[in-house]
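Reviewing the structure listed below.
The values are calculated or read from the model by the stated rules, or taken from the named source; none is laboratory data. This structure is a prediction, so every number in the text was calculated from the model and none was measured. Quick reminder, even Gly has a Cβ in these numbers, built from the backbone with ideal geometry, and neighbours come from all protein chains shown. Just the protein is used for accessible areas: all its heavy atoms, side chains included, with ligands, DNA and RNA removed. Shrake-Rupley method; radii C 1.70, N 1.55, O 1.52, S 1.80 Å.
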Amino acid sequence: MMNIGVPGLILILTIALIIFGPSKLPQLGKAIGETLREFKSSTKEMVDEVTDEFKMDEEKEKAKIKALK
């Protein structure tokens, strides 16, 4: 991810406060947190599936090499 830094974060929060108001910020934060959590979970599942596929392919290759010997 890109480095936002403290001044950039303060600017983003100030703009969000002006646009959404103080009553909506907790709901907005919760929604963003849930979205990020779901995205992270989905990407982890995808990486795990690809890793499993590579492991299975390696095992098949090893079995083929063993069979040829």
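Under a model in which nothing but the beta-carbon of Lys, Arg (+1) and Asp, Glu (-1) is charged, the chain shows a dipole of about 120 debye around its Cα centre. For K40, a cut-off of 22 angstrom between C-alpha atoms picks up these lysines, skipping any fewer than 8 places away in its own chain: K30. Tilt of helix 5-20 relative to the longest C-alpha principal axis of the chain, in degrees (0 to 90, nearest 10)? With rounding to tens, the tilt is 60 degrees.
Ordering L11, F39, G29 by Cα displacement along the dipole of the chain toward the positive end leaves L11 in first place; charges were set at the Cβ atoms of Lys, Arg (+1) and Asp, Glu (-1).
For K60, the lysines whose Cα comes closer than 16 Å to its Cα, not counting residues fewer than 8 places off in the same chain, are K69. Taking a ≥ b ≥ c as the square roots of the eigenvalues of the alpha carbon gyration tensor, the chain is prolate, as a/c is not under 1.5 and a/b beats b/c.
Per residue, how much accessible surface does the chain expose to a 1.4 Å probe? Answer in Å², no decimals.
Result: 98 Å² per residue.
When the surface is traced with a 1.4 Å probe over the full set of protein chains, T51 keeps roughly 60 Å² accessible. So what's the angle, to the nearest 10 degrees on a 0 to 90 scale, between helix 25-68 and the longest Cα principal axis of the chain? Computed tilt is about 10 degrees.
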